[in-house]
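Report on the structure given below.
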Amino acid sequence: MKAAYDPRISGVYLHIEPLGCGWGKVEEIRRHILDFRKSGKFIVGYAPACGEKEYYIGCACQELYAPPSAYFALYGLTVQASFLGGVFEKVGIEPQVQRIGKYKSAGDQLMRKSISDENREMLTALLDNIYGNWLEKVALTKGKKKEDIEQFVNDGVYQIERLKEESWITDIKYNDEVMSMLKERLGILKDKKLPEVDYRKYSKVRRWTLGLTGYKDQIAVIRASGSISRTRGPFSSPSSGIIAEKLIEKIRSVRESKRFKAVVLRIDSPGGDALASDLMWREIRLLAESKPVIASMADVAASGGYYMAMAAQAVVAENLTLTGSIGVVTGKFYLGNLYEKIGFNKETISRGRYAELTAAEQRPFRPEEAELFAKSAQHAYTQFRDKAALSRSMTVDKMEEVAQGRVWTGKDALSRGLVDAVGGLSRAVAIAKQKANIPQDRQVSVVELSRPSASLPEVLSGIGSSLAGADRTLKELLNDVASSDGIQARMDGIMFEKLGGATYTNPLFMLIKDCLSSF
């Protein structure tokens with residue numbers, strides 16, 4: 001955005017390496033590339049390794065080059081789910097999980113040996129949406145028919161020469177050849193160095209130096225990224241996701257400030273602690289009573305992430321933002337059979353009818369304990385669903401039709417009343433201006449109040465600080481979420497990585513991470 005206005009910048013040379021972000025961010029990056037082209041400056045892409053996400057961005061450039069040895073893998077998209085039910089059965093572990101909502105797949109990989117019909121239906125719909133959007137946008141950009149793009153994918157093309165022949169790329173060139181071409185285009189002598197500024201350095205250029213800030217009206221941007229926790233734990237770091245107590249402090253400071261005319265809450269979260277989500281929902285609602293609050297959802301705003309978003313006066317999502325998943329999950333492990341196999345014994349002395357509800361993992365729930373456990377989870381779900389209905393001005397019955405733990409893409413969520421508009425951060429800012437009665441032709445200063453708080457793997461898998469405390473056993477983790485304040489409003493983390501394409505992580509680690517990411 002700065003480069004488009006900067007008279008010192010003639011164009012952009014975009015090196016596209018394998019991406020780890022979700023489709024929501026890819027969509028927004030692509031939109032900014034297209035907006036930059038309107039400035040009349042050139043934007044040239046270079047892709048040595050290219051999958052669907054990388055090409056989705058690359059084809060938006062005016063020109064796209066690749067070296068003769070480039071890896072192009074435009075073979076389609078997959079989604080996978082792993083299941084540990086059979087493994088636990090063999091070693092004598094029985095997960096006792098309550099998940100409310102027939103589409104709430106978080107916990108399935110612990111209990112089941114195969115995918116449920118509901119989960120298959122949901123994942124198939126998500127995959128169809130993402131793949132269909134990719135085919136449509138690429139076809140539009142390349143001036144081809146959607147059917148031709150799909151046929152090319154199904155042909156399994158890997159030859160870089162054929163990519164050039166069929167105009168998928170502009171030409172086959174090494175990086176130095178592209179640099180020489182750019183020098184010639186800019187009228188720079190061959191023996192002179194191409195004047196360039198890299199991303200790290202240019203990102204430090206202040207907006208005010210380009211006349212892009214300093215405006216009287218200010219809109220605050222608060223970022224909330226990663227898995228949701230109520231308080232900062234002993235293993236927490238600045239990148240440990242969304243810490244509710246910290247975010248609430250920031251929300252309150254903005255509410256008390258007269259500096260900001262409106263707020264954009266930028267959410268990128270698969271959820272987490274249900275209590276924490278509800279506490280933040282309340283603070284966002286209070287903020288919205290004093291000034292306009294717009295939720296802008298990036299890759300994912302599901303479960304607890306959507307819980308936060310629905311408190312805003314308007315919700316904006318990308319076409320492919322994973323959203324919804326209005327449901328809850330909680331559980332514990334019954335380890336009695338495992339203990340018997342390894343000769344371990346544990347005795348518990350307690351007072352109170354339900355004192356051993358989550359403490360006695362050496363035995364399964366008693367009937368009355370199972371009933372209480374189920375009622376507690378159902379109560380949490382009812383609260384979530386009813387607040388969603390209230391926030392979105394829908395009847396409870398209507399909300400129930402789109403809730404039940406189901407995940408939607410932003411496009412489908414729009415048609416079902418879960419979001420109000422499709423777009424990115426700039427669209428959210430435009431809506432904030434409108435609700436704050438600021439004329440659309442009047443420039444505003446967008447003030448970032450926080451940096452993204454989670455690393456990409458934490459956003460995608462929703463494991464938050466669990467990896468930092470990797471020495472915690474599965475039993476301890478499940479006991480945490482099974483406690484009275486541990487009900488989770490969390491989205492299944494498996495689909496984030498698999499919808500993005502192949503993964504090269506160790507399969508065993510992925511299996512364990514898949515298990516952890518649901519809780």
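The values are calculated or read from the model by the stated rules, or taken from the named source; none is laboratory data. Quantities reported herein were computed from a predicted structural model and do not represent experimental measurements. Note: ideal-geometry Cβ built from the backbone for every residue, glycine included; neighbour counts use all protein chains shown. Side chains included, ligands, DNA and RNA excluded: accessible areas come from the protein's heavy atoms. Shrake-Rupley method; radii C 1.70, N 1.55, O 1.52, S 1.80 Å.
Annotation: of all residues in region 62-92 being more than 27 Å from the chain's Cα centre (by Cα) and assigned to a loop (DSSP other than H, G, I, E, B), the one that is farthest from LEU338 (Cα to Cα) is GLN62.
Report yes if some residue within region 286-309 is under 18 Å from GLY423 (Cβ atoms), of a type in the set (A, V, I, L, M, F, W, C) and part of a loop (DSSP other than H, G, I, E, B); otherwise report no.
Checking region 286-309: not a single residue is under 18 Å from GLY423 (Cβ atoms), of a type in the set (A, V, I, L, M, F, W, C) and part of a loop (DSSP other than H, G, I, E, B).
Summed over region 399-412, residues that are open to solvent by 30 Å² or more (accessible area, probe 1.4 Å), in a helix (DSSP H, G or I) and touching a residue at least 24 places away in the same chain (Cβ under 8 Å) total 2.
Residues in region 413-442 that are open to solvent by 10 Å² or more (accessible area, probe 1.4 Å) and either touching a Gly at 6+ places or on another chain (Cβ under 9 Å) or at positive phi (or both): 6 in all. Scanning region 77-110 for residues that are small (Gly, Ala, Ser), under 21 Å from GLU361 (Cα atoms) and open to solvent by 20 Å² or more (accessible area, probe 1.4 Å) yields a count of 1.
When each of ARG31, ARG8 is tested for being touching a Gly at 6+ places or on another chain (Cβ under 8 Å), open to solvent by 50 Å² or more (accessible area, probe 1.4 Å) and either in a loop (DSSP other than H, G, I, E, B) or under 18 Å from LEU64 (Cβ atoms) (or both), the lone residue that passes is ARG31.
Residue by residue, here is whether (1) at pLDDT 95 or above; (2) within 21 Å of ALA314 (Cα to Cα); (3) open to solvent by less than 40 Å² (accessible area, probe 1.4 Å) holds:
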position	(1), (2), (3)
LEU357	no, no, yes
ALA360	no, no, yes
HIS379	no, no, no
SER391	no, yes, yes
ASP397	yes, no, no
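Each residue in region 272-289 was checked for being surrounded by fewer than 24 Cβ atoms within 10 Å (Cβ to Cβ) and either modelled with pLDDT under 95 or closer than 18 Å to ALA377 by Cα (or both), and 3 of them qualify.
Determine which member of the set ILE149, ILE222 is within 26 Å of the chain's Cα centre (by Cα), within 30 Å of VAL300 (Cβ to Cβ) and crowded, with 17+ Cβ neighbours inside 10 Å. Break it down stepwise before answering.
Numbers: ILE149 fails: within 26 Å of the chain's Cα centre (by Cα).
Sole residue among the options that is within 26 Å of the chain's Cα centre (by Cα), within 30 Å of VAL300 (Cβ to Cβ) and crowded, with 17+ Cβ neighbours inside 10 Å: ILE222.
Contact map, region 337-351: first residue part of a helix (DSSP H, G or I), second residue among the basic types (Lys, Arg), Cβ cut-off under 8 Å, separation 6 or more or different chains; pairs are TYR339/LYS346. Across region 341-352, not a single residue is classified as touching a strand residue (DSSP E or B) at 6+ places or on another chain (Cβ under 9 Å) and of a type outside the set (Lys, Arg). Looking only at residues of region 310-324 that are of a type outside the set (Gly, Ala, Ser) and outside any strand (DSSP E or B), we find that the one that is surrounded by the fewest Cβ atoms within 10 Å (Cβ to Cβ) is ASN319. Tell me yes or no: at least one residue of region 235-255 is among the aromatic types (Phe, Trp, Tyr) and either modelled with pLDDT of 90 or more or touching a strand residue (DSSP E or B) at 6+ places or on another chain (Cβ under 9 Å) (or both). The answer is no, given that none of the residues of region 235-255 is among the aromatic types (Phe, Trp, Tyr) and either modelled with pLDDT of 90 or more or touching a strand residue (DSSP E or B) at 6+ places or on another chain (Cβ under 9 Å) (or both). For region 352-390, a tally of residues being within 35 Å of the chain's Cα centre (by Cα), among the acidic types (Asp, Glu) and outside any helix (DSSP H, G or I) returns 1. Taken together, the residues in region 165-188 that are open to solvent by 70 Å² or more (accessible area, probe 1.4 Å) and touching a helix residue (DSSP H, G or I) at 6+ places or on another chain (Cβ under 8 Å) amount to 0.
Return the only residue of PRO18, PRO95 being part of a loop (DSSP other than H, G, I, E, B) and touching a residue at least 24 places away in the same chain (Cβ under 8 Å). Working first, answer last.
Numbers: PRO95 fails: part of a loop (DSSP other than H, G, I, E, B).
After applying the criteria, what remains is PRO18.
Once region 362-377 is narrowed to residues that are in contact with a strand residue (DSSP E or B) (Cβ under 7 Å, 6 or more places away or on another chain) and among the small types (Gly, Ala, Ser), the residue that is least open to solvent (accessible area, probe 1.4 Å) is ALA377.
Any idea how many residues of region 371-386 are touching a residue at least 40 places away in the same chain (Cβ under 8 Å) and within 14 Å of GLN98 (Cα to Cα)? Can you show your working first?
Here is the first cut: in region 371-386, the residues touching a residue at least 40 places away in the same chain (Cβ under 8 Å) are 373-374, 376-378, 380-381, 383-385.
Imposing the further condition that a residue be within 14 Å of GLN98 (Cα to Cα) reduces the set to 373-374, 376-378, 380-381.
Number of matching residues: 7.
Being in a loop (DSSP other than H, G, I, E, B), open to solvent by less than 60 Å² (accessible area, probe 1.4 Å) and not acidic (Asp, Glu) is the requirement here; does ILE248 meet it?
Values: in a loop (DSSP other than H, G, I, E, B): no; open to solvent by less than 60 Å² (accessible area, probe 1.4 Å): yes; not acidic (Asp, Glu): yes.
Against the criterion (in a loop (DSSP other than H, G, I, E, B), open to solvent by less than 60 Å² (accessible area, probe 1.4 Å) and not acidic (Asp, Glu)), ILE248 does not qualify.
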